[in-house]
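The values are calculated or read from the model by the stated rules, or taken from the named source; none is laboratory data. These numbers were taken from a predicted model, which means no experiment stands behind them. Cβ: placed from backbone, ideal geometry, glycine included. Neighbour counts: every protein chain shown.
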Amino acid sequence: MSGNSFGTLYCVTSFGESHGPAYGGVVDGCPPGMALTAADLQQELDRRKPGSSRHVTQRRETDTVEILSGVYEGKTTGAAIGFLIRNEDQRSKDYSAIAEKFRPGHADYTYWQKYGIRDPRGGGRASARETMIRVAAGAIAKKWLRERFGMLIRGYLAQLGPHPIAFKSWGDVGKNPFFAADDSMTKKLEKFMDDLRESGDSVGARVNVMAEKVPVGWGEPVYGRLDADIASAMMSINAVKGVEIGAGFAAVTQKGSEHGDEMTPQGFLSNNNGGVLGGISSGQDITVSIALKPTSSIRLPRRTIDVHGQAASVETTGRHDPCVGIRATPIAEAMLACVLMDHALRYRAQCGDVVPPTKVG
């Protein structure tokens with residue numbers, strides 16, 4: 001199976017399955033000399049890990065990370081950073097009943113058709129548990145970008161199923177189990193999720209993520225566009241079916257006089273382009289929104305076929321997130337951080353000695 005790496009200069013590779021012994025990752029390209037410990041990665045992994053509330057999967061994992069290489073006496077050496085996160089709470093028997101059936105909306109069918117074999121335990125390689133590696137790699141990128149540029153990358157849950165969640169305060173995001181930026185919505189969202197979990201069904205979500213203090217000039221104008229790489233990274237996250245940058249699909253109804261971000265000597269007057277112009281960062285905030293589909297693994301009976309092509313019915317038991325979007329915020333942050341880290345290094349390699357002739361804002 002190919003396609004287990006992403007990035008050009010900041011390159012991340014992952015391996016492992018949901019019910020295998022462990023997940024592992026390798027980060028190539030982190031510059032030397034940055035202070036780094038397992039605790040730097042762990043604080044981000046703890047935000048993503050399962051069992052954090054009754055509204056997500058009750059699989060009990062500490063997601064404890066162990067750094068194996070690339071760090072000496074507390075500092076990065078420039079060598080590949082290898083790390084391991086062991087699976088501690090596997091229950092493969094939960095999947096014995098569906099080993100020969102394909103769950104609608106899941107990767108079961110496509111994996112079987114492509115490889116002629118699949119690991120049915122928790123989806124194997126297709127499991128969202130793989131995103132641990134992205135979050136760990138993103139923690140490294142976040143730290144470097146923050147220390148080098150003062151960059152702040154953060155996100156929040158903007159909609160849970162039919163319930164839009166208005167942005168109130170960044171301070172509210174860490175106060176509730178939904179990563180909602182309006183803590184007053186918590187009781188309403190909890191009631192909705194309790195009813196949903198009881199029904200055996202699932203629901204989708206929308207997550208917004210942004211990066212502040214991004215320098216101007218990152219990205220290439222044709223095939224290495226910053227916005228294209230961001231969109232690709234976000235679409236690689238399990239269950240993501242839509243990506244918007246800036247105004248996104250709202251641009252369809254805007255006029256040019258409204259959408260084009262006017263400039264003054266003091267700065268831009270709007271940010272409909274999400275901080276990217278012509279594939280290159282404008283120096284404004286990078287703003288991204290992703291849509292996540294409802295969880296495919298649900299308790300309700302669904303029509304399907306088995307590996308012999310015969311009609312069948314499937315019900316998925318075990319421990320699953322009724323809404324994968326609830327834990328997606330740190331994942332989206334991580335992917336944005338990895339892309340920006342990659343482009344920071346690419347910019348430094350080609351244009352590190354260029355002094356921008358004009359300053360806006």
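Would you be able to say whether some residue in segment 15-29 is among the acidic types (Asp, Glu), surrounded by 14 or more Cβ atoms within 10 Å (Cβ to Cβ) and touching a Leu at 6+ places or on another chain (Cβ under 9 Å)? Yes - at least one qualifying residue is present in segment 15-29. Selection of segment 338-361 for residues being touching a residue at least 24 places away in the same chain (Cβ under 8 Å) and part of a loop (DSSP other than H, G, I, E, B) yields 354, 356, 360, 361. Output the qualifying pairs, or none if there are none: Cβ atoms under 7 angstrom, residues six or more apart or on different chains, first residue in segment 276-303 and within 17 Å of residue 238 (Cβ to Cβ), second residue outside any strand (DSSP E or B) and acidic (Asp, Glu). What qualifies is 295/321; 298/201. Taken as a whole, the condition of being modelled with pLDDT under 95, assigned to a helix (DSSP H, G or I), under 22 Å from the mean Cα position of the chain (by Cα) and at negative phi does not apply to residue 234. Checked against the criteria, residue 7 counts as at positive phi, crowded, with 20+ Cβ neighbours inside 10 Å and within 17 Å of the chain's Cα centre (by Cα). If residue 228 passes every condition in (1) more than 22 Å from the chain's Cα centre (by Cα); (2) of a type in the set (A, V, I, L, M, F, W, C); (3) closer than 22 Å to residue 153 by Cβ but one, which one does it miss? If we test residue 228 against (1) more than 22 Å from the chain's Cα centre (by Cα); (2) of a type in the set (A, V, I, L, M, F, W, C); (3) closer than 22 Å to residue 153 by Cβ, just (1) comes out false. Consider residue 322 carefully, then state whether it is assigned to a loop (DSSP other than H, G, I, E, B) and in contact with a Leu (Cβ under 6 Å, 6 or more places away or on another chain). Against the criterion (assigned to a loop (DSSP other than H, G, I, E, B) and in contact with a Leu (Cβ under 6 Å, 6 or more places away or on another chain)), residue 322 qualifies. Residues in segment 44-65: is at least one assigned to a strand (DSSP E or B) and modelled with pLDDT under 95? For segment 44-65, residues assigned to a strand (DSSP E or B) and modelled with pLDDT under 95: absent.
With a requirement of 1 or more residues that are hydroxyl-bearing (Ser, Thr, Tyr) and without any contact (Cβ under 8 Å) to a residue 40 or more places away in the chain, the helices (runs of 4 or more DSSP H) lying completely within segment 104-204 that satisfy it span 108-115, 186-199.
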